[in-house]
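What follows is one structure encoded as structure tokens, with my remarks underneath.
Coordinate-derived values only; no laboratory data. Worth saying up front: this structure is predicted, and the values here are computed from it rather than measured. Heads up, the Cβs are rebuilt from the backbone with ideal geometry, glycines too, and the neighbour counts pull from every protein chain shown.
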Protein chains: 4
Amino acid sequence: MAEGSKAVRFFPPEQFGVRTDLAVEAREAVGDVPGVEVQEEKRERFTVTRVEVKSPEGEQRLGKPRGRYVTIEAYGLRNRNRALEEEVGAVLAAELGRLLPSDGLAPLVAGLGNWDATPDALGPRVVDQLLVTRHLGHSAPPELRGRLRPVCAIAPGVLGTTGIETAELLAGVVARVRPSMVIAVDALAARSLNRLLTTIQVTDTGIHPGSGVAQGRPGISAQTLGVPVLAIGIPTVVHALTIVGEAIEALSEELSRAAGGEGLMRITPEAKQGLVDRVLGPQVGHLMVTPKEIDAYVGDLARMVAGALNRALQPGVEMEVIGRYVG
Amino acid sequence: MAEGSKAVRFFPPEQFGVRTDLAVEAREAVGDVPGVEVQEEKRERFTVTRVEVKSPEGEQRLGKPRGRYVTIEAYGLRNRNRALEEEVGAVLAAELGRLLPSDGLAPLVAGLGNWDATPDALGPRVVDQLLVTRHLGHSAPPELRGRLRPVCAIAPGVLGTTGIETAELLAGVVARVRPSMVIAVDALAARSLNRLLTTIQVTDTGIHPGSGVAQGRPGISAQTLGVPVLAIGIPTVVHALTIVGEAIEALSEELSRAAGGEGLMRITPEAKQGLVDRVLGPQVGHLMVTPKEIDAYVGDLARMVAGALNRALQPGVEMEVIGRYVG
Amino acid sequence: MAEGSKAVRFFPPEQFGVRTDLAVEAREAVGDVPGVEVQEEKRERFTVTRVEVKSPEGEQRLGKPRGRYVTIEAYGLRNRNRALEEEVGAVLAAELGRLLPSDGLAPLVAGLGNWDATPDALGPRVVDQLLVTRHLGHSAPPELRGRLRPVCAIAPGVLGTTGIETAELLAGVVARVRPSMVIAVDALAARSLNRLLTTIQVTDTGIHPGSGVAQGRPGISAQTLGVPVLAIGIPTVVHALTIVGEAIEALSEELSRAAGGEGLMRITPEAKQGLVDRVLGPQVGHLMVTPKEIDAYVGDLARMVAGALNRALQPGVEMEVIGRYVG
Amino acid sequence: MAEGSKAVRFFPPEQFGVRTDLAVEAREAVGDVPGVEVQEEKRERFTVTRVEVKSPEGEQRLGKPRGRYVTIEAYGLRNRNRALEEEVGAVLAAELGRLLPSDGLAPLVAGLGNWDATPDALGPRVVDQLLVTRHLGHSAPPELRGRLRPVCAIAPGVLGTTGIETAELLAGVVARVRPSMVIAVDALAARSLNRLLTTIQVTDTGIHPGSGVAQGRPGISAQTLGVPVLAIGIPTVVHALTIVGEAIEALSEELSRAAGGEGLMRITPEAKQGLVDRVLGPQVGHLMVTPKEIDAYVGDLARMVAGALNRALQPGVEMEVIGRYVG
């Protein structure tokens, strides 16, 4: 699970070692920047924002490598509405279609994350419902023969269960299997509760583990794998320390305002950290905030993402036909 | 999942509609009370506290019905230490042994909670590993015949998945099956992070859903079921609003102290509620704080509780023999 | 899992203690009988057969209590075709609609079987996807209020995991919850491999455990529960001894034919039993024949049956709306 | 799942395209062969047989590549006896110890098979309980530092879910990660019911997919991976066609005997195939025979194999300590 979203209001990111994985939020935080193009499409039940970082200045200001970032926000997903899920799935398929090459596509889909930890199981559960075809060759059902692109997939596990960096493991598989690209699906840790399970980001820049825990770990990108990498991410948890920090900031802001000016009573980072430590205490495992119904949410989202991938990767096959071959 | 533990420091429970399910915490909060006996046994790696509420005054002051409450605290359980798990399991078996009648025992074990929501699956997973014997009769293996107490078990589901109040469903089964008692196992929502997955409470007073969400719902007790009820509970989550509230209180306390006196700058309940709402926003499902590794923790604890129950319920059978018959 | 289908060709049922649970097969075996009405509807991809047993003579000849038996056969389901699944689901919903009362419907759906044994998990997995409404009352979403029938559900477990006869457990719940009827969903053991995962039987006579292992165990019917019982069953396994027996019969038949007459060389039941014992040897658990892909098949069928039940039980609610409330 | 065990009595292997994966059975079938050493150790509850194929003649006669084959047979495992499981686990650990190099061990454990198909999930479930250490380095707990061998692990999935040959995928990972060897764990398809879930084979020759379905697929061996391969296999299913074939042979043998001589009435392979086809009919998926309780059996065996591997791979660490770090 990579570090997730949301610009921090009170403190510069470098102080808390947090930055946002969502380009849409980074851009909100810094405003208009030369060499960063933004296109927003608002619909009744969702918004699509396409950010393209084109210049070195854009890269630096947003803290994001050059490339395209598409974000779909659909807050109604929190109501587990199947019709909306299908609508957003179709939008996701269309956006994936724009980012995928039309020729020579033979991708390896990598479902990142841990089967055994529900909020982290999004990637493996997507792979589980994917139409995998690379091995079919002449044995493909007649109705599919000649119309299928060769798709392969892997759920490589996580460092804690394999002892191998995911980037390293994928690099080995890519070197041998020689896919035309890698599509990585991962659960993210959001920084904002309202992004939880309602926002999907697709980017052609891959996955760049942030600072904090993941610092110094290799990314999953064209640079490390040698082929283009498209990454699909959805926030499924918020770190407990994020919301404790937010609570402290919220009160601190209120008090500042009451005292007559934003700048007067500013809590120091040290004081904030002390309070966070006091509230969270010595931790049991890695504390996170997640809905009690997370198993069901992750199941819904995995079905949605797998469906969108199947559609985008196999444009020559009808949905009805795909339905016959996947769980 | 019943409402859980920890006395609130700043506000009287009735204001926030929270009270603690852990008698040990209620007693800490109110201090010595006539008619409440407390016995504490500290060991190297765990503490056992036995509270007995004997008087109407004790009932009122602690907010707990008359009866016995045994709490085992073993903070090392957060390290997933198998040796400690076995040590605590043996202590739990011994405490259960003290609370169970020595004659005529024919219990129904009820694994409360929801299979499909990991932190709530403790009860069903305990039932899954229980030595169930009521149906064996003459078909019991020779080595067990005549030495087995008749144990039956059910994982009745939760209101949201059955449409039936658990108390109502159990009352129906009890009326028909006529067990000598019910032993209910349930995951709790703690109010304190350090109780998470490290504290076990056993009480002969049953389960009394607190205020808040569960208000007005029937308890699982001798009163509703017509037979004695022993309840075993372990906190597996903390509500997100609890820790946000704690963060606000912590800062508020610091500021009061800085301002020179506890009583000077007290945040009002309304202001606190406003801040909590602002931080948590419109919620996705029912937000809770839990370790990312919750699946593994619940698995460990279910094994520990099931093992302790098997030992306590079948004192005539060696562990090695029980191991042959349960998963 | 109740005993399943198919008339035995060589030996009278009483000799091997097997009979068929599928009325359609019993009727095939005995031919036309007064007081037994049969209506068959053949479609391109499935066949519906409606058998009604109306007379004592019919009961005796078919070995089936008076009542209605609807069988849907769709051999294409073995190809895991999602479009056919939806077609058959719609047919099942329509047949359920004919068998359900139009007024005062407030059913308890009982998902029989064992969560932990894949081929036996059909019932619990159906309950998992059911729209449960009995508890909603005034808290139902506005769009549903006043249009919902009160449905409740339970997955009671099996004798081996509860120590309680399922009939006994359900009788207790029914006496307390007072549903208007019980709808029991169960996996069956077929006697014919071609019925495996392709045949659905619905009957208003309940479940009557056959002879053999289940002999003497109470049925799940109006007689034992006090309310009408509709049973939905699908064969998910064939006992290993059934196919071994079939193999021996097949060779025996061939040899008889080769020897010039069916009647000349008949294998004796004792000889057959001896050969079956020799082939199967001392058994590891309870041997059954099932597809390696059984997890996926049971998942498909559970979704199909749950969908059909949701449609039939809530005719006032659109499918799209139901999709919002179930997994 | 590789093709499994047992020499065919009636027909030469090449006729039915079956051969045994168990060297102990191949050797039983052919008797004493020069260049094949056999050592058998019978104990009260299990037997260990060590076969070493040393000559080209041995290779040819047994149909097994040169190397060591250790088989542990413990028929009591079918009774799910935890004490026996521990006894056999200790024997397996000792046998693994003899086959592993004492220096420079840095293995990749590959859990072959499919998470989603219970009888095929043995490998992935072993990996799930393995002590993985390669990534710990300086962050290892003080009590373990300096005493751990670097173990990594992967559950690569199966061809049907990845689209990639397992041998190809592992070769890619090995080339990158550079383990000193691969230890592959896999579920086998037995040819004999009494081997089901009761026999463990360890061989230093890797996995060589047999004829039949797997024909022409690459093996998992030093030849394909470039490092030594140790394979651990346990039969978890028997193909349905195997037991149907056995039933036909059994009757055929009886009749031959009755007719006064083994050689007189021999069923032809064509006739046998015709009868098998008639009994099994057009198949639903890939039919196999397995105990209804297969989920529990596979769970037990995965725990046993993982425990034995942990012991054998980390001789410098006490079991009690390992227990703290694995599920």
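The table that follows gives values for the structure above.
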item: Reciprocal of mean inverse Cα separation for chain C (Kirkwood radius, Å); result: 20.8
item: Fluctuation leader among C:186, C:204, C:295 - chain C, Gaussian network, Cα springs under 10 angstrom; result: C:295
item: At 0.692 mPa s and 37 °C, Stokes diffusion of the stretch D:71-203 via Kirkwood alpha-carbon radius, µm² per second; result: 198
item: Sum of -39500 (n - 2.57) over DSSP H runs of 4+, divided by residues of chain B (222 nm, nearest 500); result: -11000 deg cm²/dmol
item: Among A:119, A:107, A:269: highest mean-square fluctuation, GNM of chain A, C-alpha pairs under 10 Å; result: A:269
item: Whole-number percent relative contact order across the stretch C:111-248, with pairs defined as alpha carbons under 8 Å at least 6 apart; result: 26
item: Inter-part distance where the stretch B:133-163 and the stretch A:107-166 are each reduced to a Cα centre, Å; result: 41
item: Length-normalised contact order for chain B - Cα pairs under 8 Å, 6+ apart - percent; result: 22
item: Residue-averaged beta-carbon neighbours from other chains (10 angstrom radius) around B:240-247; result: 6
item: Proportion of all alpha-carbon pairs of the protein assembly as shown beyond 51 Å (%); result: 29
item: Top of B:45, B:257, B:98 by mean-square fluctuation, Gaussian network on chain B, Cα under 10 Å; result: B:257
item: For the stretch A:180-201 and the stretch A:40-58, distance of Cα centres in Å; result: 16
item: Note, ³J(HN,Hα) from phi for the stretch C:34-49, Karplus 6.51, -1.76, 1.60, rounded to Hz, x at Gly and Pro; result: x, x, 10, 9, 10, 10, 10, 10, 9, 10, 4, 10, 7, 10, 10, 10
item: Nm distances between copies for residue D:146, ranked from closest, using label points 7 Å along Cα→Cβ; result: 5.8, 6.9, 7.8
item: Size of electric dipole in chain C: Cβ of Lys, Arg +1 and of Asp, Glu -1, about Cα centre, debye, nearest 20; result: 560
item: In degrees, nearest ten, helix B:294-313 long axis to first principal axis of chain B (Cα); result: 50
item: Pairs of Lys in chain B closer than 22 Å at Cα, counting only those 8 or more apart or on different chains; result: 5
